[in-house]
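The values are calculated or read from the model by the stated rules, or taken from the named source; none is laboratory data. These numbers were taken from a predicted model, which means no experiment stands behind them. Because the Cβ atoms are built from the backbone with ideal geometry, glycine has one as well, and the counts that use them run over all protein chains shown. The area values use the complete protein model at the heavy-atom level, side chains included, leaving out ligands, DNA and RNA. Shrake-Rupley method; radii C 1.70, N 1.55, O 1.52, S 1.80 Å.
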Amino acid sequence: MKTETQDTRQHILDTGYQLIAQQGFSNVGLSQLLKHADVPKGSFYHYFKSKEQFGEALIQDYFENYQVRLKTRFEDSAQNGYQRLIGYWQCWIDIQAQECATQRCLVVKLSAEVADLSELMRIALLEGVESVLGLIADCIDAGIKDGSIAKMDSYKAAEHLYNLWVGASLLCKLTQTQTGLQRVMKTTQAMLKNGMYQ
């Protein structure tokens, strides 16, 4: 059972995520966060020494939860490796299409903003992305073993695909259409079936 201390810390992180996913890190002030979380300033500083440290903890918490969801999807024994990966990328399209910004990828939202703003947050994002790449690569390996995915360097393929999807997601924010993501889906399907193009 969680202690009251853990609950308060998590509540601050959850509230912060909702605000930052909508407005970005720089646009969310500490007073706004405290008001929405309904906690005093002293409580915030009890858990986080600074807003930057809070941002680092927020990113780490996001990726911990994301990895749990991803592992569950990628361990679905009812599907082969190819089906699991395509299901993951289709979920990506579905989430990007939603009006609710809080469901969207924090990597897409924060990478450009915090890379130059905070070294702590940049490293937290990078470590989180690398953990996701590892899970995608493992799923590609599983697909290669079950014959649903062509033979390839699984980590390079995971990195290539993730770069494509993040880039397309950023451009979709500009175009406000899903066209780019749909094109990347076709590229993803072809690459997994036919192998990586050098």
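A compact table of results
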{"quantity": "Qualifying positions in the stretch 44-70 - over 30 Å from residue 139 (Cβ atoms), part of a helix (DSSP H, G or I) and open to solvent by less than 30 Å² (accessible area, probe 1.4 Å)", "calculated": "44, 54"}
{"quantity": "Verdict on residue 138 being in contact (Cβ under 8 Å) with a residue 40 or more places away in the chain, open to solvent by 80 Å² or more (accessible area, probe 1.4 Å) and under 13 Å from residue 85 (Cβ atoms)", "calculated": "yes"}
{"quantity": "Residues (over 18 Å from residue 87 (Cβ atoms) and either in contact with a His (Cβ under 9 Å, 6 or more places away or on another chain) or exposed (fewer than 15 other Cβ atoms within 10 Å of the Cβ) (or both)) located in the stretch 171-194", "calculated": "171, 173, 174, 175, 176, 177, 179, 183, 194"}
{"quantity": "Scope the stretch 147-170; condition β-branched (Val, Ile, Thr) and either open to solvent by less than 20 Å² (accessible area, probe 1.4 Å) or modelled with pLDDT of 95 or more (or both); matching residues", "calculated": "149"}
{"quantity": "Residue ranges of helices (runs of 4 or more DSSP H) in the stretch 81-146 with at least 2 members modelled with pLDDT of 95 or more", "calculated": "81-97, 119-146"}
{"quantity": "Number of the condition not met by residue 78 [criteria: (1) in a loop (DSSP other than H, G, I, E, B); (2) open to solvent by less than 40 Å² (accessible area, probe 1.4 Å)]", "calculated": "(2)"}
{"quantity": "Top-ranked residue in the stretch 81-99 [being of a type in the set (Gly, Ala, Ser) and touching a residue at least 60 places away in the same chain (Cβ under 8 Å); ranked as surrounded by the fewest Cβ atoms within 10 Å (Cβ to Cβ)]", "calculated": "97"}
{"quantity": "Members of the stretch 7-33 found to be aliphatic (A, V, I, L, M), crowded, with 17+ Cβ neighbours inside 10 Å and without any contact (Cβ under 8 Å) to a residue 40 or more places away in the chain, listed by number", "calculated": "19, 28, 33"}
